[in-house]
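Visitor: Pasting a structure here, questions to come.
The values are calculated or read from the model by the stated rules, or taken from the named source; none is laboratory data. Note that the structure is a prediction, hence the values are computed from the model and not measured. Reconstructed Cβ throughout: ideal geometry from the backbone, glycine too, with neighbour counts over all protein chains shown.
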Amino acid sequence: MTLLTWKPEYSVGIESVDFEHREMIDLLNKIHEEMQSSKDADSIEQFLGDIHATISAHFALEERVMQRASYPEYEDHKNDHEELLDQIRDLMDVYSLDPVSGLSVLQQQLSSWFASHFSTFDARLHGQLDMPHH
């Protein structure tokens, strides 16, 4: 079962950002599959670290693009990014202390945050950033 599926409305119209969004969805789906098929806590913790690093790097790209374009909602968007990174760190702590309940919380929170962020904050970026598409 797939946790998240790419939808056309998630596109921001910037190839590099959309590519990374698809990669993040793939990574989240991989950790979801790992959680369904394995209870190897070390492997799942490694995935969580990979997710945090990947998302952090992606947010830096998105924020640079928004700053260069003087995007008016930059601060709100950046704050939502920071909130997610805090949540991921909290989820990593919860998982380390209690892997069983941590799995459930992780799956629900990550999928709902990404679906919400993609369809709200990122959707508003579409057509607002005058950047080269490469």
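Visitor: With the requirement that a residue be assigned to a helix (DSSP H, G or I) and over 21 Å from Thr54 (Cβ atoms), what does the range 64-82 give you? If you could, list the steps in order and put the result at the bottom.
Guide: Taking the range 64-82 and keeping what is assigned to a helix (DSSP H, G or I), we get 64-68, 74-82.
Selection gives Arg68, Tyr74, Glu75, Asp76.
Visitor: Every residue in the range 1-46 that is within 14 Å of His58 (Cβ to Cβ) and touching a residue at least 40 places away in the same chain (Cβ under 8 Å), please. Reasoning before the result, please.
Guide: Step one: list which residues in the range 1-46 are within 14 Å of His58 (Cβ to Cβ), which gives 10, 12, 14-28.
Hits for the range 1-46 are Tyr10, Val12, Ile14, Glu15, Ser16, Val17, Glu20, His21, Met24, Ile25, Leu28.
Visitor: Residue pairs, Cβ under 9 Å, 6 or more apart or interchain, first in the range 86-103 and of a type in the set (A, V, I, L, M, F, W, C), second part of a loop (DSSP other than H, G, I, E, B) and exposed (fewer than 15 other Cβ atoms within 10 Å of the Cβ). List them.
Guide: Pairs that qualify, where the first residue is of a type in the set (A, V, I, L, M, F, W, C) and the partner is part of a loop (DSSP other than H, G, I, E, B) and exposed (fewer than 15 other Cβ atoms within 10 Å of the Cβ), are Val100/Lys39; Leu103/Lys39.
Visitor: With the checklist (1) among the basic types (Lys, Arg); (2) at pLDDT below 80; (3) farther than 24 Å from Arg89 by Cβ in hand, flag the one item Lys7 doesn't pass.
Guide: Looking at each condition in turn, Lys7 falls short on (2).
Visitor: Which is within 13 Å of the chain's Cα centre (by Cα), at pLDDT 85 or above and more than 19 Å from Ser16 (Cβ to Cβ), of Glu62, Glu75, Glu82? If you could, list the steps in order and put the result at the bottom.
Guide: Values: Glu62 fails: more than 19 Å from Ser16 (Cβ to Cβ); Glu75 fails: within 13 Å of the chain's Cα centre (by Cα).
Sole residue among the options that is within 13 Å of the chain's Cα centre (by Cα), at pLDDT 85 or above and more than 19 Å from Ser16 (Cβ to Cβ): Glu82.
Visitor: Follow-up. Here is a check on your reading of the model: is Ile55 crowded, with 18+ Cβ neighbours inside 10 Å and either of a type in the set (Ser, Thr, Tyr) or free of Cβ contacts under 8 Å to residues at least 40 places away in the same chain (or both)?
Guide: Criteria met by Ile55.
Visitor: So which residues in the range 18-55 are over 13 Å from Phe114 (Cα atoms), modelled with pLDDT under 85 and of a type in the set (A, V, I, L, M)?
Guide: Ile31, Met35, Ala41, Ile44, Leu48
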